[in-house]
Amino acid sequence: MIVSKKIILKHQRILSFLYRLFGGNKYTGRRGNYLCLKNAFVRRTVIDIKGKNNRIVINGEITRLKNCRVIVRGSNCTLTIGIGCNLSDVEFYIEDDNSSIEIGDYVTMGASHLAVIEGTNITVGENSLFSSGVVIRSGDSHSIIQDDNGK
């Protein structure tokens, strides 16, 4: 096992490129947005962006995303995933302008759902461990409108 980790670290740039190239990933909406996968191992992951000036930064150093979904519906939004993370079957929904999700270093998540709306943010600290079935939301994903004035 130690030999395998040394080999991966030594050839991380090439291996992560091959993962992204042949890993069954789907990227849409990259125009006018910033997508940086910095040597991350990304497999069967969908990144779908509708909006402008959004930043998706997934840092390398053995960070793995498998069967994840990143959906961005807004502008000036951010998703940052730190080094050494292991994320499997995680959904990230970032809606409305100026919303953000930040995942710290060495976070492990399985089958979780994180959603931010209306310019809010979610921050997960480093060395966190999430069980599957965890849902974290910054709102209920629908607006509340006053009857008398429509605000």
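What follows draws every value from the coordinates through simple rules; no lab data is involved. Predicted model only: the values in this text are computed from it and were never measured. We place every Cβ from the backbone using ideal geometry, glycine too, and count neighbours over all the protein chains shown.
Some notes on this structure:
- Computed about the Cα centre, the dipole magnitude for segment 25-78 is approximately 180 debye when only Lys and Arg (+1) and Asp and Glu (-1) carry charge, each at its Cβ.
- Peptides 118-124, 40-46 ranked from most to least packed by the mean count of surrounding Cβ atoms within 10 Å: 40-46, 118-124.
- Whole-Hz Karplus values for segment 94-109 come out as 10, 10, 6, 6, 6, 8, 8, 10, 10, 10, x, 6, 6, 9, 10, 9 Hz, taken residue by residue from phi with 6.51 cos²θ - 1.76 cosθ + 1.60 and θ = phi - 60°; glycine and proline positions read x.
- Cut-off under 5 Å, modelled amide H: who pairs with V134 long-range: H113
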